[in-house]
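Encoded as structure tokens, the structure appears first; notes follow it.
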There are 2 protein chains.
Amino acid sequence: MTDSTAATTFNPGKGAGEPVGIALLGYGTVGSEVLRLMRKYADELEHRIGGPLELRGVAVSDVSKPRKGVPEGLLTDDARSLIDRDDVDVVVEVIGGIDYPRELVLKALRSGKSVVTANKALVAAHADELAEAADEAQVDLYFEAAVAAAIPVVGVLRRSLAGDQINRISGIVNGTTNFILDGMDSTGASYEDMLAEATRLGYAEADPTADVEGHDAASKAAILASLGFHTRVKFDDVYCEGISRITADDIAAAQEAGQVIKLLAICERIVEPDGTESVAARVHPTLVDRAHPLASVSQSYNAIFVEAEAAGNLMFYGNGAGGAPTASAVLGDIVGASRNKVHGGRAPGENTYANLPIATFGEVPTRFHIDMRVQDRAGVLADLTAICARNKISLRTVRQEEGHDGARLILVTHTAREEDLERTVQELSASPAVLGINSVLRLAD
Amino acid sequence: MTDSTAATTFNPGKGAGEPVGIALLGYGTVGSEVLRLMRKYADELEHRIGGPLELRGVAVSDVSKPRKGVPEGLLTDDARSLIDRDDVDVVVEVIGGIDYPRELVLKALRSGKSVVTANKALVAAHADELAEAADEAQVDLYFEAAVAAAIPVVGVLRRSLAGDQINRISGIVNGTTNFILDGMDSTGASYEDMLAEATRLGYAEADPTADVEGHDAASKAAILASLGFHTRVKFDDVYCEGISRITADDIAAAQEAGQVIKLLAICERIVEPDGTESVAARVHPTLVDRAHPLASVSQSYNAIFVEAEAAGNLMFYGNGAGGAPTASAVLGDIVGASRNKVHGGRAPGENTYANLPIATFGEVPTRFHIDMRVQDRAGVLADLTAICARNKISLRTVRQEEGHDGARLILVTHTAREEDLERTVQELSASPAVLGINSVLRLAD
């Protein structure tokens, strides 16, 4: 054996076999499932980590409520003191919300504890601050569960694709809206009926705004774009349009065209002809060709489609929500953070070295599907396509058919810029030849 | 900030900013693509690693051949001396074969170099010896590219699902056979015609045995089972049946039944009623329901379907072969191994602590689809179903239809054991009521 440099770089932290102390912040659906699995698979996890996990405490806001599964004496309403304990190595945040978990996570990181969080809103809003604290203390910040639960896209972007260039990430990352759109597509039901059904089945919350208006998906888009492009993209940088205005007619029109409407989170690298690059992240209803792998993602499933320079197209599919799938992702992160505590080393963290500019939404190139009712007379088509041409919108297909109330005209554009489209739609609306705009939808590439 | 234990466990190895020396063994399709990408993304990779990658040499068997892209003076036919160099930190093996790369990889590991290999045959045959060498020297052994190229299933099993229990992994892990079967399904072509087409297009090698007889898929099954069940499963432990006997009639019969034939690698945890566990890995043509996500994997694409206790069902889909996708996986591994050289720490390696027994193929439970020509007379059905019952095979569906040459009888069983099926088929064949067995195919669960 020749002289080994590697052996000297390997520095066990706590030392193999020593316990890793866990503080669990929050004990809702996810927290209780994390604890159940931690107990059920204790022996397995010890083998995988190199030392046993030991629960130091569970912090909740109200200790008087019964908390099934929490061992006697471990429940506390003092999260700060729990985090401060010397025998806590990894802090698991599954509270939800932003301000209070932000304070606790920062406190934990600054105290040299690694953190595992499932909190997409927190990460999407404050990743820079959190990453900085983790870097300063040289600890880990894991958040696999923040995007699409057990679908391991965070780990894949951080590690597996670390040798490649990501060009685009398109994902169905919200189960509620996919359940609604898939139901509308397969049964012809209205948006309102499917929303009621989703609420009845527990897929939608009492206030469904965060899901149906795309805010939840936008948080995930911010996280995916940051990881994929090594550039800080925050929630506020994401253009966001929900599904509440999608009608049964839109769905039917998509079907006629061999397409399906999905709420996509699209993160992309935009390369100008001169080679300058920027990134954009957006969430909006999108027409997806039925042959595309994302089109067949049904019910409340999630899927993320990644286009990389060398790897080509990859898709990751599974349950994007729910107690057990989320807990699976949290536990995978706990194993990772705990292994590092035992064996030394740090997971690749946030790394926003590329720091690419974020394109304004008006600059984003996409293709559009414009569905209108128009006057049924000679010259209309010439008038309307002239409006498009004047606004630099070139057309890919034009379909005109007779309707009971004027003619119906469907224009599908070549790739165009959002701001050019917006102007075009305004001018079309204002044209006397147009009786009404049925819908303007974007197409997936 | 409170006292931090974590900060003391973090031990930079070479120190941030120091170069990581790379030795590349092999310069075929994959090796040249790895080098091209290493050069193209040099700046990006340096940011992700924390230090620059520096190529120390490229070892090939014949240095007189022109090797485009290899810098002057870096080509050598002395792989052993290249590995021995003190300034080589990570050895990348993309030679192929087993014996020679085994010697080189062992030498590298024992010299304290981390190793990245794309060699499925090597890993499937010698993982125990390689893992032991890596553990002894406390270095990394990465092999993401050995299974399904850039589909990051190795990393996902090692890390993302480290907090979960894997129950089953079913994968389309060979592009050549999927191209052939998909072509037979979509065009009605014969096996021979599609094999010729695959050869013409470069999807099949001149000697297609390793692909069409399932050996390539069996290597991957061994690797996936080992990772998923923390139990050493070797190539020789995998039951293997290829696609060369699949006929256009089999494909047509599957279509009639709403199914499609795929060559699946199936790795499963078998739990007996008394709780004892074993594992099995097998590769064979399998009837897959058209609604199953694996059914729609077309052309030469690969996909791996993972069933985990908490995560539920996950699927990973993409290009499972080719120079660029394989190089993407190799480079992801190079980044991982290099990060650890710079920052300290080790990736989770082989960990076969569970050491579950490997079920003999006869014990494996599955469902069968038996397609026969039988005499067209009263009493035949009673005779044949009695044979099944006697052999503990219970039937799920029975379909009899008139044919031009006797009747056709299709039996689909409930879950049964392979050895019971084998006996049943022998007795059915021997029965005078059976004119011929058209096919016996296994069904996916």
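Has segment A:172-189 got at least one residue that is touching a Cys at 6+ places or on another chain (Cβ under 9 Å) and within 14 Å of chain B (Cβ to nearest Cβ)? Spell out the reasoning first.
Just the residues of segment A:172-189 that are touching a Cys at 6+ places or on another chain (Cβ under 9 Å), to begin with: none.
The answer is no; no qualifying residue exists.
Just the residues that are under 18 Å from the mean Cα position of the chain (by Cα) and farther than 26 Å from B:Gly362 by Cβ, please, taken from segment B:265-303.
The answer is B:Pro293, B:Ala295, B:Val297, B:Ser298, B:Gln299, B:Ser300, B:Tyr301, B:Asn302, B:Ala303.
Those residues that are at the interface with chain B (Cβ under 7 Å from one of its Cβ atoms), within 30 Å of B:Pro293 (Cα to Cα) and of a type outside the set (A, V, I, L, M), I need them from segment A:318-354; list them, please.
Matches in segment A:318-354: A:Gly318, A:Asn319, A:Pro325, A:Ser328, A:Gly332, A:Gly336.
For B:Leu37, indicate whether it is modelled with pLDDT of 95 or more, touching a Leu at 6+ places or on another chain (Cβ under 7 Å), within 7 Å of chain A (Cβ to nearest Cβ) and surrounded by 13 or more Cβ atoms within 10 Å (Cβ to Cβ). Step through it out loud before you land on a result.
Values: modelled with pLDDT of 95 or more: yes; touching a Leu at 6+ places or on another chain (Cβ under 7 Å): yes; within 7 Å of chain A (Cβ to nearest Cβ): yes; surrounded by 13 or more Cβ atoms within 10 Å (Cβ to Cβ): yes.
Yes.
Which numbered condition in (1) closer than 23 Å to A:Ile246 by Cβ; (2) β-branched (Val, Ile, Thr); (3) in contact with an Asp or Glu (Cβ under 8 Å, 6 or more places away or on another chain) is the only one that A:Val342 fails?
Result: A:Val342 passes all but (1).
Select from segment B:372-395 the residues that are assigned to a helix (DSSP H, G or I), exposed (fewer than 13 other Cβ atoms within 10 Å of the Cβ) and aliphatic (A, V, I, L, M) and list them in ascending order. Let's see the steps before the verdict.
Taking segment B:372-395 and keeping what is assigned to a helix (DSSP H, G or I), we get B:380-390.
Right, trim to exposed (fewer than 13 other Cβ atoms within 10 Å of the Cβ) and you get B:382, B:386, B:389-390.
Residues satisfying the conditions are B:Ala382, B:Ala386, B:Ala389.
Is it the case that segment B:54-74 has a residue that's modelled with pLDDT of 95 or more, under 30 Å from A:Asp140 (Cβ atoms) and out of contact with any strand residue (DSSP E or B) (no Cβ under 9 Å at 6 or more places or on another chain)?
No.
For A:Ala118, work out the one condition from (1) within 30 Å of A:Leu201 (Cβ to Cβ); (2) among the aliphatic types (A, V, I, L, M); (3) at the interface with chain B (Cβ under 9 Å from one of its Cβ atoms) it doesn't fulfil.
Exception for A:Ala118: condition (3).
A:Thr352 fails exactly one of the following numbered conditions: (1) surrounded by fewer than 21 Cβ atoms within 10 Å (Cβ to Cβ); (2) part of a helix (DSSP H, G or I); (3) under 20 Å from the mean Cα position of the chain (by Cα). What is the number of that condition?
Tallying (1) surrounded by fewer than 21 Cβ atoms within 10 Å (Cβ to Cβ); (2) part of a helix (DSSP H, G or I); (3) under 20 Å from the mean Cα position of the chain (by Cα), A:Thr352 fails exactly one: (2).
I'm trying to understand the selection: among the residues of segment B:140-150, which are touching an Asp or Glu at 6+ places or on another chain (Cβ under 9 Å) and within 11 Å of chain A (Cβ to nearest Cβ)? Let's see the steps before the verdict.
Pass one, segment B:140-150, residues touching an Asp or Glu at 6+ places or on another chain (Cβ under 9 Å): B:140-145, B:150.
Selection gives B:Asp140, B:Tyr142, B:Glu144, B:Ala145, B:Ala150.
For segment B:417-434, which positions are modelled with pLDDT of 95 or more and assigned to a strand (DSSP E or B)?
Selection gives B:Val434 alone.
Can you pull out every residue in segment A:73-130 that is among the β-branched types (Val, Ile, Thr), closer than 16 Å to A:Ala59 by Cα and in contact (Cβ under 8 Å) with a residue 24 or more places away in the chain? Reasoning before the result, please.
Kept after step one, since they are among the β-branched types (Val, Ile, Thr), are these residues of segment A:73-130: A:76, A:83, A:88, A:90-92, A:94-95, A:98, A:105, A:115-117, A:123.
Those still in the list that are closer than 16 Å to A:Ala59 by Cα too: A:76, A:83, A:88, A:90-92, A:94-95, A:105, A:115-117.
Scanning segment A:73-130 gives A:Ile83, A:Val88, A:Val90, A:Val91, A:Val92, A:Val94, A:Ile95, A:Val105, A:Val115, A:Val116, A:Thr117.
Within segment B:112-129, which residues are surrounded by fewer than 24 Cβ atoms within 10 Å (Cβ to Cβ) and either on the phi > 0 side of the Ramachandran plot or more than 18 Å from the chain's Cα centre (by Cα) (or both)?
Matches in segment B:112-129: B:Gly112, B:Glu129.
What about B:Ile180, is it modelled with pLDDT of 95 or more, in the same structural domain as B:Arg282 (by the TED database) and within 25 Å of A:Phe316 (Cβ to Cβ)?
Values: modelled with pLDDT of 95 or more: yes; in the same structural domain as B:Arg282 (by the TED database): yes; within 25 Å of A:Phe316 (Cβ to Cβ): no.
No, not satisfied.
Against the definition (more than 12 Å from chain B (Cβ to nearest Cβ), more than 30 Å from B:Val297 (Cα to Cα) and under 24 Å from the mean Cα position of the chain (by Cα)), how does A:Pro357 come out, yes or no?
Working: more than 12 Å from chain B (Cβ to nearest Cβ): yes; more than 30 Å from B:Val297 (Cα to Cα): yes; under 24 Å from the mean Cα position of the chain (by Cα): yes.
The answer is yes for A:Pro357.
Out of the residues in segment B:68-88 that are within 31 Å of the chain's Cα centre (by Cα) and within 14 Å of another protein chain (Cβ to nearest Cβ), which is nearest to B:Arg39 (Cα to Cα)?
If we take residues in segment B:68-88 being within 31 Å of the chain's Cα centre (by Cα) and within 14 Å of another protein chain (Cβ to nearest Cβ), then B:Val88 is nearest to B:Arg39 (Cα to Cα).
Just checking, how many residues over segment B:403-424 are surrounded by fewer than 19 Cβ atoms within 10 Å (Cβ to Cβ) and either assigned by the TED database to the domain that holds B:Asp250 or closer than 20 Å to B:Asp250 by Cβ (or both)?
Number of matching residues: 8.
Please verify whether A:Gly21 is in a strand (DSSP E or B), within 11 Å of another protein chain (Cβ to nearest Cβ) and either in contact with a Lys or Arg (Cβ under 8 Å, 6 or more places away or on another chain) or of a type in the set (A, V, I, L, M) (or both), treating the condition exactly as stated.
Values: in a strand (DSSP E or B): yes; within 11 Å of another protein chain (Cβ to nearest Cβ): yes; either in contact with a Lys or Arg (Cβ under 8 Å, 6 or more places away or on another chain) or of a type in the set (A, V, I, L, M) (or both): yes.
Yes; evaluated as a whole, the condition is true for this residue.
Looking for something out of contact with any helix residue (DSSP H, G or I) (no Cβ under 8 Å at 6 or more places or on another chain) and in a strand (DSSP E or B) - is there at least one such residue anywhere in segment A:318-327?
No, segment A:318-327 contains no residue that is out of contact with any helix residue (DSSP H, G or I) (no Cβ under 8 Å at 6 or more places or on another chain) and in a strand (DSSP E or B).
Give the residues of segment A:199-254 that are modelled with pLDDT of 95 or more, among the small types (Gly, Ala, Ser) and crowded, with 23+ Cβ neighbours inside 10 Å, sorted by residue number.
Those that are modelled with pLDDT of 95 or more, among the small types (Gly, Ala, Ser) and crowded, with 23+ Cβ neighbours inside 10 Å: A:Gly214, A:Ala217, A:Ala218, A:Ser219, A:Ala221, A:Ala222, A:Ala225, A:Ser226, A:Gly228, A:Gly242.
Among the listed residues B:Val440, B:Val398, which satisfies the condition of being in contact (Cβ under 8 Å) with a residue 12 or more places away in the chain, assigned to a strand (DSSP E or B), of a type in the set (A, V, I, L, M, F, W, C) and over 29 Å from B:Ala359 (Cα atoms)?
On the way: B:Val440 fails: over 29 Å from B:Ala359 (Cα atoms).
Only one candidate qualifies: B:Val398.
Looking at the structure I just gave you, is B:Asp289 among the acidic types (Asp, Glu), farther than 21 Å from B:Thr117 by Cα and more than 7 Å from chain A (Cβ to nearest Cβ)? Quick ask: steps written out before the conclusion?
Working: among the acidic types (Asp, Glu): yes; farther than 21 Å from B:Thr117 by Cα: yes; more than 7 Å from chain A (Cβ to nearest Cβ): yes.
Spelling it out, B:Asp289 is indeed among the acidic types (Asp, Glu), farther than 21 Å from B:Thr117 by Cα and more than 7 Å from chain A (Cβ to nearest Cβ).
The values are calculated or read from the model by the stated rules, or taken from the named source; none is laboratory data. Being a predicted model, the structure only gives us computed values, none of them experimental. Quick reminder, even Gly has a Cβ in these numbers, built from the backbone with ideal geometry, and neighbours come from all protein chains shown.
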